[in-house]
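Engineer: Quick one: structure below, then a few questions.
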Amino acid sequence: MNDKKNILIILLLISSFCFSQSLDRKTISKKHEINRSIEPEMRGIEVANIIYYIENDLQTLKAYENGKVKWETNIIKILGNPKIGKPEIRVLTFNNLTITISYGKHDFAVVSIETGVIKFHGAD
């Protein structure tokens, strides 16, 4: 019985490594801003060895530090759909303590780089 249990645990560990999303280094910028409207292949910003990355759903922003998730936030689940445009992140701009996000066509939010707490910042 213990052998079956050990094999199951090993299989679960292997599958978790195989199916977790990996970061594609070619999609991560060293600049402090990416605009997916201009560069649709870009997905993240790396600043001071922390990567701020837009996940495959284009709604979730994760911070990775030393290869581990520091925090994550789903902008649409927290703030709701934008007034106009697709419910996805278009622009990330790194500021010293925050990341400004443009989503939809004209909606903006600010995310704390330390905690991932997100606040609606307005729409134009």
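The values are calculated or read from the model by the stated rules, or taken from the named source; none is laboratory data. Everything numeric in this text was worked out from a predicted model, so none of it was measured. Glycine also receives a Cβ, built like all others from the backbone with ideal geometry; neighbour counts cover every protein chain displayed. Ligands, DNA and RNA are excluded from the accessible area calculation, which covers all protein heavy atoms including side chains. Shrake-Rupley method; radii C 1.70, N 1.55, O 1.52, S 1.80 Å.
Engineer: Quickly run through segment 6-45 and pick out the residues that are over 30 Å from N96 (Cα atoms) and either touching a helix residue (DSSP H, G or I) at 6+ places or on another chain (Cβ under 9 Å) or modelled with pLDDT of 55 or more (or both).
Structural biologist: First pass over segment 6-45, keeping only residues over 30 Å from N96 (Cα atoms): 6-19.
Result: I7, single match.
Engineer: Select from segment 52-68 the residues that are of a type in the set (G, A, S) and crowded, with 19+ Cβ neighbours inside 10 Å and list them in ascending order.
Structural biologist: A63
Engineer: Identify, please: which residue in segment 70-116 is of a type in the set (D, E) and open to solvent by 30 Å² or more (accessible area, probe 1.4 Å) and is, among those, farthest from I54 (Cα to Cα)?
Structural biologist: Selected residue: E114.
Engineer: Give just the number: which of (1) at pLDDT below 95; (2) more than 15 Å from I28 (Cα to Cα) does G67 not satisfy?
Structural biologist: The number of the failed condition is (2).
Engineer: Here's something else I'd like to know. Restricting to segment 46-99, what's the tally of residues that are more than 17 Å from L23 (Cβ to Cβ) and not polar (S, T, N, Q)?
Structural biologist: Adding up the residues that qualify gives 16.
Engineer: Would it be correct to say that K26 is open to solvent by 40 Å² or more (accessible area, probe 1.4 Å), under 18 Å from A123 (Cα atoms) and part of a helix (DSSP H, G or I)? Break it down into steps so the answer makes sense when it comes.
Structural biologist: On the way: open to solvent by 40 Å² or more (accessible area, probe 1.4 Å): yes; under 18 Å from A123 (Cα atoms): no; part of a helix (DSSP H, G or I): yes.
No.
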